[in-house]
1. Within segment 96-145, which strands (runs of 3 or more DSSP E) (wholly inside it) include 2 or more residues that are open to solvent by 10 Å² or more (accessible area, probe 1.4 Å) and within 29 Å of Arg44 (Cα to Cα)?
2. Quick one: count up the residues across segment 174-230 that are open to solvent by less than 80 Å² (accessible area, probe 1.4 Å), of a type outside the set (A, V, I, L, M, F, W, C) and within 23 Å of Val141 (Cα to Cα).
3. Given (1) modelled with pLDDT of 95 or more; (2) loosely packed, with under 15 Cβ neighbours inside 10 Å; (3) part of a helix (DSSP H, G or I), where does Leu26 come up short, assuming only one miss?
4. When the residues of segment 36-54 are filtered to those that are part of a loop (DSSP other than H, G, I, E, B) and among the acidic types (Asp, Glu), which remaining residue is nearest to the chain's Cα centre (by Cα)?
5. Name the residues in segment 162-173 that are part of a helix (DSSP H, G or I) and either open to solvent by 100 Å² or more (accessible area, probe 1.4 Å) or closer than 20 Å to His7 by Cα (or both), would you?
6. Which members of segment 146-161 meet the condition of being assigned to a helix (DSSP H, G or I), open to solvent by 10 Å² or more (accessible area, probe 1.4 Å) and out of contact with any Phe, Trp or Tyr (no Cβ under 9 Å at 6 or more places or on another chain)?
7. State which residue pairs qualify: first residue over 9 Å from Leu127 (Cα atoms) and free of Cβ contacts under 8 Å to residues at least 24 places away in the same chain and inside segment 154-177, second residue in a loop (DSSP other than H, G, I, E, B) and not hydrophobic (A, V, I, L, M, F, W, C) in any location, beta carbons under 8 Å apart, and separation of 6 or more residues or different chains.
8. Filter segment 71-95 for residues that are of a type in the set (A, V, I, L, M, F, W, C) and within 11 Å of Leu34 (Cβ to Cβ); which is surrounded by the fewest Cβ atoms within 10 Å (Cβ to Cβ)?
Amino acid sequence: LVERRGHIMLITLNRPYALNAVNLELSIGLGDALDEAERTPEVRAIVLTGAGERAFCAGVDLKALAAGEPLIADDPKRAPWGFAGYTQHHIGKPTIAAVNGFALGGGTEIVLASDLVVAADTANFGLPEVTHGILAGAGGVFRLPEQLPRKVAMELIVTGERLPAQRAYELGLVNRVVPREQVVDAALALAGRICANAPLAVQAGKRVAMGIVDGRIPGEGDRWKLSADE
């Protein structure tokens, strides 16, 4: 679901019956929404959240995966955007993940790809792929050690255990922790603070900080190749 709140684009992962797990349809929808936001001058910030009360995103839709459904569009425009149309979709406009419930596997990888994070006090994060015999291949295994202390990140990667929201805040993975019913409003308020600034300066600052060149982060290239090889 996509709606505009002034200069903010609010995007909602709308598969609550599947805990907002990512299938091809959701991946295309989210990627296209980000593309629209980047091309629309009036949009200055993006807030991404999940429908329902339990989950922000449960990661890959394992039923779709087992059925052989591709999870990433194979057309030349969308394929480079990566998992959920998001994890390698680098735009100049700031993105805020409003984590309304648990964010596991690909859900955590979406969080890691976001610029800022507002989390419900009931939220938790983790890469449980190792418990399913799967590699967290959407950037989680190299972005997590960049955004958390290395030893903490390694424990999460090799055990598959969860990280509660408050601990994630203490470690710097999360910007705000609020009661669940306030998470979207708090994210919108943070986005509003961003939108009050000069938009071209904000976008230039993000591109330089993240190393974004023509929609890519060249510095991550070797990491993505290693991940794909593994």
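The values are calculated or read from the model by the stated rules, or taken from the named source; none is laboratory data. What you see is a predicted model, and the numbers here were worked out from it, not measured in a lab. Cβ sites come from the backbone with ideal geometry, for glycine too, and all protein chains shown count toward neighbours. The protein model used for the area step is the full one, side chains on, heavy atoms only, and it has no ligands, DNA or RNA in it. Shrake-Rupley method; radii C 1.70, N 1.55, O 1.52, S 1.80 Å.
1. Details: elements: 102-104, 116-120, 124-126.
The strands (runs of 3 or more DSSP E) meeting that bar are 102-104.
2. 8
3. Just one mismatch for Leu26, condition (2).
4. It comes out as Glu53.
5. Taking segment 162-173 as the starting set, the residues that turn out to be part of a helix (DSSP H, G or I) are 165-170.
Matches in segment 162-173: Arg167, Tyr169, Glu170.
6. Filtering segment 146-161 for residues assigned to a helix (DSSP H, G or I) gives 146-147, 150-159.
Next, from what is left, pick out any that are open to solvent by 10 Å² or more (accessible area, probe 1.4 Å): 146-147, 150-152, 154-159.
The answer is Glu146, Gln147, Arg150, Lys151, Val152, Met154, Glu155, Ile157, Val158, Thr159.
7. Glu155/Glu161; Leu171/Pro149
8. Our first condition is that a residue be of a type in the set (A, V, I, L, M, F, W, C); within segment 71-95, this holds for 71-73, 79, 81, 83-84, 91.
If we keep only those that are within 11 Å of Leu34 (Cβ to Cβ) too, we end up with 81, 84, 91.
Details: Trp81: 23, Ala84: 30, Ile91: 20.
Across segment 71-95, the extreme among qualifying residues is Ile91.
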